[in-house]
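The values are calculated or read from the model by the stated rules, or taken from the named source; none is laboratory data. Everything quoted here is computed from the prediction, not taken from an experiment. Heads up, the Cβs are rebuilt from the backbone with ideal geometry, glycines too, and the neighbour counts pull from every protein chain shown. For the accessible areas, the whole protein counts, side chains as well, though only heavy atoms, and no ligand, DNA or RNA atoms are used. Shrake-Rupley method; radii C 1.70, N 1.55, O 1.52, S 1.80 Å.
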Amino acid sequence: MNRPHHTRRDFVRGTAYGALGLTLGMSASGTLAQPGPEAGRARVVLVRRRDALSDDPVRSAAVVREMLEEACGALSSDERSSAEWWSGAFAPGEKVAIKANLMMSNTRAEVLAAIHDCLVEYAGTESGSIAAWDRRSVGFGREALAGPKSAWGQTPEMGYNEDSVSLLAADWADALINVPSLKCHWLSGVAIALKNWCGAVTNISVGDPEDAAFRFHGDSCADLGMFQALPAFGGKCRLVVVDALEAYYERGPQTDPEYFHPYGGLIVGADAVAVDTIGAMLLQAIRDEVAGEPSPISPPPKHIAVAESKYGLGVSDPGRIDLVRLGDEDGMLV
Amino acid sequence: MDARLAVALAFLALAAGHAWADGGRLIVTPEGAEEPMKPPELPFPEGEGERFAVVGERSLYTPENLSDYINGGAAFYLGYSFEWLAVWRLKVDGVESEIVAELYAFSRPEDALGVFIDNAALDSPSERFERERVSKGLCRAQSGRAFARVAVRDRSDAGSDLAREVAGLLAQTLDERPASVPSVVRCLPGDGLREGSVRYFHSREALSSYYFVAEDNILGLSPETDCALASYEQTEGESPLRLLVVRYPDAEERDRAQRRFRETYLELPASDDPPESESATLEGGALCLIARSESASALIIAFDAADAARAESLTHAAVDALEEGDEP
């Protein structure tokens, strides 16, 4: 599919990538789109607690668990509890693999442990049937998920199939949970849920050579949605939990501690495109807040809009996302 | 690589200049150029009584496999004359998490400088390196063709001290001539320049990550183009004016880029003979001005200018400095 080739002026005019383009700090109007139609909507929960970043790791873990419970309880528009949500989404006996971030900006152990505990307590998942992984490194069970990731290692499940897709995701797991950290990325603008699957495939390279299994780096990684479109990933993924406890708002993936914002949040939803849309808006707001002036995410994270327009994967129009805000409102930013 | 071919290439390379081989990859520099940097042997004192212990083997990455280490982040370094990266993981007595020490080598010292100022001021004094910045457990430093990066998870002053100490060990292995500041950086006017805002790069991807201009490569950036971008103060609370300087290998490439930019970005009618300097007022009232340096084969563009006189003053000062700098 041929896409129009935009310049900065198209973003300023508000004619690039629809309503999402309006939120990326370059638009002259700079406002959120108006509420869209009822059909084709997505629901995303943003929960924020300042004390999630407590110096006391026990306290921090407890707060993160509470945040996850609150968020999952608000995932459906009816009055379901967190326990009901988890038991409805995952069946006892299932194997669940959590795609975490191990690279420069880590998914926090508190988040992985909270997900583990909800699965065990509410869905009846066995602890040993819960894995968290990134690339070739994996941990099974609570001790591994709650502990240092340096203790994770390789197991027979950690290879790749003939399609260059992680065996853990394709063969071992019955269900997946996508748990990226919230960060900007120098090549794709942001790296959140849609980009997190890059660490679950092999045979990729930034030059996108002809023989690469997946060629997505060109055009600011516009085609990142190709991963979410895979049955092994998007077809199995039932939940996205973005670790926004500390948001990295400068150009990742290599991080500089100067640019972590202590946000204390989680972004939770089932629609990875909608979750990424809220994540990008939050990163944009953090950048503007820190800079004290408009500081557009560069390059614009077009892959989020392309995931909807080309791959039909979810909702990238903020006007069609029902954002539920929970917790500390001061400093929520979106 | 075929063994006979490798031997033949090595012979030719050695006859012509300098070469070293790593994992079947031959790194060659032409006659007259500096000898290529080699990844140093273990620079860390270890063993009984020493504080440091190296965990595992030193990892070495080349342009072919840098993605394995930093995935999409590799493209940043590959946009410069990246040759190799050596990585050590260290344990230190009394410190729980590992320290990661990275040493990057480039064939051009200006490129190592460009990588350093991606996230630091050009003027970042150091006693051990040419430039150095230490903050919250991260040390970044540059000397000649080398860029060092040492990361400690501890963001306290103690973490910074540790990062500084490990970087000092890396510094001992370096014997590099200082990098000269590229002409596109030297020509940037100082008046109103935001501290730490100067960037030096070559690729469209790098420009897009600093300041998004267009999805297409309308300025014709390539490994052969030298680019500098800097921010200048305007009214408080407003976005800064951005000044972009692009120096092309020749006047033809510059002229193609100018025609493309004025038609695609300024949305002006096509012209085979565009003026040396012209501007357009864009959406929201901001002004964009492009000027051409004839003798330096360069374009200088002011983006987001609130004031035409200021944009003209900055671009013309940069043109003058570029052309004066080229005079014998």
Considering only the range B:267-296, state which residues are surrounded by fewer than 12 Cβ atoms within 10 Å (Cβ to Cβ), on the phi > 0 side of the Ramachandran plot and either part of a strand (DSSP E or B) or of a type in the set (G, A, S) (or both).
-> B:G285
Out of (1) modelled with pLDDT under 95; (2) within 15 Å of the chain's Cα centre (by Cα), the one B:R177 does not meet is (2)
Identify, please: which residue in the range B:173-190 is within 25 Å of B:E238 (Cβ to Cβ) and touching a helix residue (DSSP H, G or I) at 6+ places or on another chain (Cβ under 8 Å) and is, among those, farthest from the other protein chains (Cβ to nearest Cβ)?
-> B:C187
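Let me confirm something: among A:M26, A:M104, which residue is modelled with pLDDT under 85 and closer than 26 Å to A:E308 by Cβ? Step through it out loud before you land on a result.
On the way: A:M104 fails: closer than 26 Å to A:E308 by Cβ.
Step by step, each of A:M26, A:M104 is checked, and only A:M26 is modelled with pLDDT under 85 and closer than 26 Å to A:E308 by Cβ.
Only one residue in A:A285, A:A291, A:A270 is open to solvent by 10 Å² or more (accessible area, probe 1.4 Å), more than 14 Å from chain B (Cβ to nearest Cβ) and more than 25 Å from A:G40 (Cα to Cα). Which one? Before you say what the answer is, go through the steps one by one.
Working: A:A291 fails: more than 14 Å from chain B (Cβ to nearest Cβ); A:A270 fails: more than 25 Å from A:G40 (Cα to Cα).
Just a single option satisfies the conditions, and that option is A:A285.
Take the residues of the range A:29-57 that are part of a loop (DSSP other than H, G, I, E, B) and within 13 Å of chain B (Cβ to nearest Cβ): which is modelled with the lowest pLDDT? Don't jump to the end; show me each part of the working.
Filtering the range A:29-57 down to residues part of a loop (DSSP other than H, G, I, E, B) leaves A:29-41, A:49, A:54-56.
Restricting the remaining residues to those that are within 13 Å of chain B (Cβ to nearest Cβ) gives A:29-30, A:55.
Details: A:S29: 53, A:G30: 47, A:D55: 90.
My answer is A:G30.
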Failed criterion for B:E224 (all others in (1) crowded, with 17+ Cβ neighbours inside 10 Å; (2) closer than 30 Å to B:F303 by Cβ hold) = (1)
Which of the following residues is in contact with a strand residue (DSSP E or B) (Cβ under 8 Å, 6 or more places away or on another chain), at negative phi and at pLDDT 95 or above: B:L170, B:L188, B:L162?
-> B:L188
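Condition check: among the small types (G, A, S), over 30 Å from B:C187 (Cβ atoms) and in contact with a Phe, Trp or Tyr (Cβ under 6 Å, 6 or more places away or on another chain). Does B:A101 satisfy that?
Here the answer is yes, as B:A101 does meet what is asked.
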Is it the case that some residue within the range B:139-151 is in contact (Cβ under 8 Å) with a residue 40 or more places away in the chain, buried (at least 18 other Cβ atoms within 10 Å of the Cβ), within 14 Å of chain A (Cβ to nearest Cβ) and not in a strand (DSSP E or B)?
-> no
Test result for B:G114, at pLDDT 95 or above, in a helix (DSSP H, G or I) and not acidic (D, E) | yes
Failed criterion for A:L333 (all others in (1) more than 14 Å from chain B (Cβ to nearest Cβ); (2) open to solvent by 10 Å² or more (accessible area, probe 1.4 Å); (3) not in a loop (DSSP other than H, G, I, E, B) hold) | (3)
Does the range B:200-209 contain at least one residue that is within 22 Å of A:H5 (Cα to Cα), outside any loop (DSSP other than H, G, I, E, B), among the basic types (K, R) and at pLDDT 95 or above?
-> yes
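Residues are listed down the side, and each one gets a yes or a no for (1) on the phi < 0 side of the Ramachandran plot; (2) away from chain B (no Cβ under 12 Å); (3) modelled with pLDDT of 95 or more:
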position	(1), (2), (3)
A:C184	yes, no, yes
A:I204	yes, no, no
A:D208	no, no, no
A:Q228	yes, yes, yes
A:F233	yes, yes, yes
A:Y248	yes, yes, yes
A:R251	yes, no, no
Would you please name the residue that is farthest from the other protein chains (Cβ to nearest Cβ), looking only at residues in the range B:227-248 that are touching a helix residue (DSSP H, G or I) at 6+ places or on another chain (Cβ under 6 Å) and touching a residue at least 60 places away in the same chain (Cβ under 8 Å)?
-> B:R247
So is B:F212 within 26 Å of B:A75 (Cβ to Cβ), more than 21 Å from the chain's Cα centre (by Cα) and buried (at least 21 other Cβ atoms within 10 Å of the Cβ) or not?
-> no
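Identify, from the list B:E238, B:E252, the residue that is surrounded by fewer than 22 Cβ atoms within 10 Å (Cβ to Cβ) and either of a type in the set (F, W, Y) or assigned to a loop (DSSP other than H, G, I, E, B) (or both).
On the way: B:E252 fails: either of a type in the set (F, W, Y) or assigned to a loop (DSSP other than H, G, I, E, B) (or both).
The match here is B:E238.
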Can you tell me which of B:V92, B:V166, B:V134 is among the hydrophobic types (A, V, I, L, M, F, W, C), within 13 Å of chain A (Cβ to nearest Cβ) and over 30 Å from A:F214 (Cα atoms)?
-> B:V134
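So how many residues does the range B:119-131 have that are surrounded by 21 or more Cβ atoms within 10 Å (Cβ to Cβ) and within 13 Å of another protein chain (Cβ to nearest Cβ)? Give the derivation first.
Narrowing the range B:119-131 to residues surrounded by 21 or more Cβ atoms within 10 Å (Cβ to Cβ): B:129-131.
Checking which are within 13 Å of another protein chain (Cβ to nearest Cβ) leaves us with none.
Number of matching residues: 0.
Kindly indicate which of A:G319, A:G292 is modelled with pLDDT under 95 and closer than 20 Å to A:A270 by Cβ.
Numbers: A:G292 fails: closer than 20 Å to A:A270 by Cβ.
When all the criteria are applied, what remains is A:G319.
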